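Single-structure report; data block below.
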C-alpha cells in the first residue's frame, strides 16, 4: 500500500522563499493572511490529508461508487461521506471564499497547497468538492444578487456541492453542437431537458443538495457556440426565497466504468424538464462557464502535481529498501547481499526526473494562482490587467504540463518498483491509472495547446506571453553578473530568445495556412512549459541561496536545477524541430477506411 506525507517543507519554500507570499498577501489587502495563520493552515491540511484521506485511497479504488437504479441515488465508498463531514467541519470548503458568504476570505493561493495535498492523498475523493469552487466563482462573477444569496452560502460552507454539465453524448469540446434545451416556465425559471455525460460528482450521498451548472439553448438561440446559455439546476428544487422543495426532474442514469478514479462518481445525468435558473445574460453562457472552467483547469493541473508527489515519495522509499545487484562502480553497501537500487544511474534518472518536474511544477502552478490573486486585488489597474493576462496565458500550460508530467512521473515511479509496481499491493498502479484521466478532463492536452497558441498567442496577440517574458528578462538582467548563476541564466536567455522566434514563426505560418496552428500547438505548449520551468528552477536556486535553510537544502536545490537544465530542458530541442517541420510533416490520413 502506498503512503503519503505532506511535503510541507517544500510547500513553504515555494510559498514564502520563492513567491514571497506573505508580503504579497499583505500588499493585496489580505491582512489576516499572516505567516502564523498560513503555517497553521498548512499544518492542519497536512494532518487531515495524511490521516483521514490517504488511508481511504485504496478503499475508493477497490469499492467504487454504486448506483441504485430505482432511485437514481449514488452511494460512495466506505468512509468517504464521513471524511467529507470532517472536511466541512474543519471549514476547508470555504477557505478562499468571500467572508460575506460565510467563507474565510483567504487568497486563492492559500487554497492551492490544500488542493495539492488532497489530490495526492485521495484524488477520487478530491473530485467531489473540486467543482464547488468553480461554481462559487461563476456565481460571484455572473450570478444575480438573489442567486448569490441563495446558492453561494450553502456552496461555500459545504452543505451543497456544485457540478459543471457541459459534455453530451454527441459532443465533447465542440460545445456548439450541444442539444440540451431550456424553455421559459413563465415564472422566471426555465425547464431544462437533455442528457449530459462524464459529470464528475453529479450524484452522491455527501450533501442534501447538488447544484448543477448546465449549458443549454433557449428557444430563440442562434446556432453554434453563440447560442449557449448557463443555468442553475439544483437536485432539490430551490426557490428565489431559498426554500427547498421537492426533488427536481434530474437524476443519474448510470455511472461510467472507468480506468481509474473508481471512488469518484462519474455520472450520466438526465434532465427531464428540470427547473433551472438562468445565470448571466441569455446566449452568454460560455463566458460564465469559462470562469468555472479556468478554475477547474488549474485544479486539474494540481491533481497531476499531487499524484506525482505521492508516487515519488513511495518510489524513493522503495528504491532505498530494495536490494538488487551491485553498483557498477563497486559495492556501496558491502554489509548487505546487494546494493539498494537507488545507487543505479537509471533509477536515479527516473527519481530525479520526478523530483525536478514536481518541485519546479509546484512553483509554476502556485505562481499561476498568485497571478489570479493579483488580478483580483492589486490596487493598480495596470498591474491587475497584466496579472490577468499572465494568469490566462499560464492556465493551459499549467493544466497540460502538470498533468502530462503526472503521467510521466507515475510511470517512472511504478518503473522503479519493477514487477512489484504492476501489482496492486504497493498501490503504484492505482496512481498510474488515476493520473491518466488528468490529461483528458477539463480539456485534453490538445485543447490546451490550441487555447495557448490559437487564442492566447494569435487572437490575444500574446499579451500574456509578453508580460511573462518581461518578468524573465528582468530576472536575467538582475543576475547577469552573478557568475555562480551563469549556468542557469545563460541557457534561460537562449531558450527565451528561441521561444520568441518560434512564436513569430508560428504566427507567420498561421497567416498563410490555419492548419499550421494545429500542427505546431502541442509542441509549442510543451516547449513553453519546459522554458517556464527553467525560469522557476533558476528562481528556486536564487531563493534557496538567499534563505536561512541548511546548506544541505541549498545544495539539493542547486543539484536538482543542474539536473533539470542538463537532462530535461534539452527536450525543447525536439519540440522546436517538430514545430519547424510544420504541417508538411503531418501527412494527411484518409477520412474513409480503405
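Considering only the stretch 568-584, state which residues are on the phi < 0 side of the Ramachandran plot and touching a helix residue (DSSP H, G or I) at 6+ places or on another chain (Cβ under 7 Å).
First pass over the stretch 568-584, keeping only residues on the phi < 0 side of the Ramachandran plot: 568-581, 583-584.
Within the stretch 568-584, 568, 569, 571, 572, 575, 576, 578, 579, 583 meet the criteria.
With the condition being over 30 Å from residue 410 (Cα atoms) and either touching a helix residue (DSSP H, G or I) at 6+ places or on another chain (Cβ under 6 Å) or modelled with pLDDT under 95 (or both), I'd like the helices (runs of 4 or more DSSP H) fully within the stretch 426-501 carrying at least 1 qualifying residues.
Qualifying helices (runs of 4 or more DSSP H): 463-478.
Let me spell it out: the conditions are (1) assigned by TED's automatic domain parsing to the domain that holds residue 175; (2) surrounded by fewer than 21 Cβ atoms within 10 Å (Cβ to Cβ), and residue 290 meets all of them except one. Which number is the exception?
Condition (1) is where residue 290 drops out.
Run down 207, 244 and say which single residue is farther than 27 Å from residue 433 by Cβ, at pLDDT below 95 and in contact with a strand residue (DSSP E or B) (Cβ under 7 Å, 6 or more places away or on another chain). Before the answer, list the steps.
Details: 207 fails: at pLDDT below 95.
Just a single option satisfies the conditions, and that option is 244.
Among the residues of the stretch 529-543, is there at least one that is farther than 26 Å from residue 460 by Cβ, in contact (Cβ under 8 Å) with a residue 24 or more places away in the chain and out of contact with any helix residue (DSSP H, G or I) (no Cβ under 6 Å at 6 or more places or on another chain)? Don't jump to the end; show me each part of the working.
Going through the stretch 529-543, the residues farther than 26 Å from residue 460 by Cβ turn out to be 537-538, 540-543.
Imposing the further condition that a residue be in contact (Cβ under 8 Å) with a residue 24 or more places away in the chain reduces the set to 537-538, 540-543.
Narrowing further to those that are out of contact with any helix residue (DSSP H, G or I) (no Cβ under 6 Å at 6 or more places or on another chain): 542.
Scanning the stretch 529-543, I find at least one residue that is farther than 26 Å from residue 460 by Cβ, in contact (Cβ under 8 Å) with a residue 24 or more places away in the chain and out of contact with any helix residue (DSSP H, G or I) (no Cβ under 6 Å at 6 or more places or on another chain), so the answer is yes.
Consider residue 584 carefully, then state whether it is over 22 Å from residue 461 (Cα atoms) and surrounded by 19 or more Cβ atoms within 10 Å (Cβ to Cβ).
When the stated conditions are applied, residue 584 does not pass them.
Output the helices (runs of 4 or more DSSP H) that fall wholly within the stretch 1-111 and possess 1 or more residues being under 30 Å from residue 550 (Cβ atoms) and touching a residue at least 24 places away in the same chain (Cβ under 8 Å), or say none.
8-12, 21-27, 35-48
Which residue pairs have Cβ atoms closer than 6 Å, lie 6 or more positions apart in sequence or on different chains, and pair a first residue in the stretch 229-240 that is modelled with pLDDT under 95 with a second residue that is surrounded by fewer than 24 Cβ atoms within 10 Å (Cβ to Cβ) and not in a strand (DSSP E or B)?
From residues that are modelled with pLDDT under 95, the pairs are 240/146.
Here's the yes/no breakdown for (1) touching a helix residue (DSSP H, G or I) at 6+ places or on another chain (Cβ under 7 Å); (2) farther than 30 Å from residue 446 by Cα; (3) not assigned by TED's automatic domain parsing to the domain that holds residue 537:
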residue	(1), (2), (3)
308	yes, no, yes
314	yes, yes, yes
336	no, yes, yes
355	yes, no, yes
363	yes, no, yes
369	yes, no, yes
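Considering only the stretch 423-449, state which residues are under 30 Å from residue 509 (Cβ atoms) and buried (at least 20 other Cβ atoms within 10 Å of the Cβ).
Here is the first cut: in the stretch 423-449, the ones under 30 Å from residue 509 (Cβ atoms) are 439-440, 442-449.
Residues satisfying the conditions are 439, 442, 443, 445, 448, 449.
Look through 46, 79, 60, 72 and report the one residue that is at positive phi and touching a helix residue (DSSP H, G or I) at 6+ places or on another chain (Cβ under 9 Å).
79
The values are calculated or read from the model by the stated rules, or taken from the named source; none is laboratory data. The model shown is predicted, which means the values in this text are computed figures rather than measured ones. Every residue, glycine as well, gets a Cβ built from its backbone with ideal geometry; the counts of neighbours run over all protein chains shown.
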